Amino acid sequence: MIRKLTVLLVAACLSAAALAQGAPSEEQRRRLIEQKLKLVEMLVNSPAAKSSAYGRDAETPKLVEQGKTLIDSARAALAEGRLDDAAASLDEALKSASSASRRLSSEGGLSDSAQRKQLADMTEQVRTYRAALDDLRRNDTLAEAATQVLIRVDGLAAEGNKLAEAGHLGEANKHMADAYKVAVEELSRLRAGQEVVLSLNFDTPADEYAYEQKRFGSNEIMVDMMIGEGRAEGGRRQLVDRFVGEGQRLKREAAAQADSGKYTEAIALMEEATKQLNRALQAMGVPVF
């Protein structure tokens, strides 16, 4: 087939305590629930929680996903004015997130095998975008610029591989993530106004779905990098969080479809999920396509 957290926990608990004191108005309750919702979202969407899928403990990612599902339920209840239901869902989401956080702490970080998997996934993404950059060297106008970008990408990737061979997997992953960032940003800049097509071969729909999951994960890393660079300051952060939240919701829907063997639907949902992350990146000034 060819296709193209401790502080957060304390703050959240304080919000719950505030709800329990006195008899706040409905508007006050709503504001407190909205605050708690944001805090729990930050907890379940933290880099540590995202990395739980690669950890040693199979139960941790289940707790993280359970927390996300409960957050969706809380958001829906809040939109419908069912404040008691929203508060109850958030309490359960906080319990799941807290349990996941404790388990992650006890794991002592990602295992070597987990970090190597992250590195392999990111390397695959870099290779895909590198091929598109290499194609630009056939364009007389863009050849020199594309060559310079490739030198940067290859240098970062080579350093990442060297660090991995030396056993420094954390630093290796950082270098490979930087290589991915440079490749995506520069390819987007060089191909501005042009259609970009990345053609890939997949033996089965399941393989394609797995690839889309990796692409989503790579973009999640890039979003985190941009936020870390301060590109989501002020009111922009709320917009970024909304796009990321919608992307994660679509990713969960895709997983449910894939579990039922409906890979065509799952692939379409994953593509839409990645588009949401692209919008988040665009909101931070990254010219992704």
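Ligands, DNA and RNA excluded, the heavy atoms of S113 present near 80 Å² of accessible surface to a 1.4 Å solvent probe.
Of K251, K36, the order by accessible heavy-atom surface (1.4 Å probe, DNA, RNA and ligands excluded), from most exposed downward, is K251, K36. Charged side chains reduced to their Cβ positions (Lys and Arg at +1, Asp and Glu at -1) give region 132-194 a dipole of some 140 debye around its Cα centre. Solvent exposure of region 170-289, expressed per residue, is 46 Å² of accessible area, with all protein chains present and a 1.4 angstrom probe.
For region 220-263, the calculated P(r), taken from all Cα-Cα distances in 5 Å bins from zero up to the bin holding the longest distance, is 5, 21, 20, 17, 12, 10, 8, 4, 1 percent. Counting only lysines at least 8 places from K275 when in the same chain, those with an alpha carbon closer than 23 Å to its own are K4, K38, K50, K68, K181, K214, K251, K262.
What would the Debye equation give as log₁₀ I(q)/I(0) for region 181-271 at q = 0.13 Å⁻¹, counting only Cα atoms as equal point scatterers? These q points yield log10 I(q)/I(0) values of -0.56. Treating each Cα of region 140-241 as one equal point scatterer and applying the Debye formula with no solvent, the log10 of I(q)/I(0) at q = 0.16, 0.22 Å⁻¹ comes out as -0.96, -1.24. For the listed peptides 172-183, 217-228, a ranking on the average number of other beta carbons within 10 Å per residue, highest first, reads 172-183, 217-228.
What's the ranking of 77-87, 267-277 by average number of surrounding C-beta atoms within 10 Å, highest first?
My ranking of the peptides, most packed first, is 267-277, 77-87.
The magnitude of the dipole of region 111-257, with charges of +1 and -1 set on the Cβ of Lys/Arg and Asp/Glu and taken from the Cα centre, is near 300 debye. Listed by chain and number, the aspartates and glutamates whose C-alpha is less than 17 Å from the C-alpha of K174, apart from same-chain residues fewer than 8 away, are D112, D121, E124, D154, E159, E165, E185, E220, D224, E229.
The values are calculated or read from the model by the stated rules, or taken from the named source; none is laboratory data. Bear in mind that the values here come from a model prediction, so they are computed numbers and not experimental data. Here Cβ is always computed from backbone atoms with ideal geometry, including for glycine, and neighbour counts include all displayed protein chains. Please note that ligands, DNA and RNA were not included when accessible areas were found on the heavy atoms of the full protein model with its side chains. Shrake-Rupley method; radii C 1.70, N 1.55, O 1.52, S 1.80 Å.
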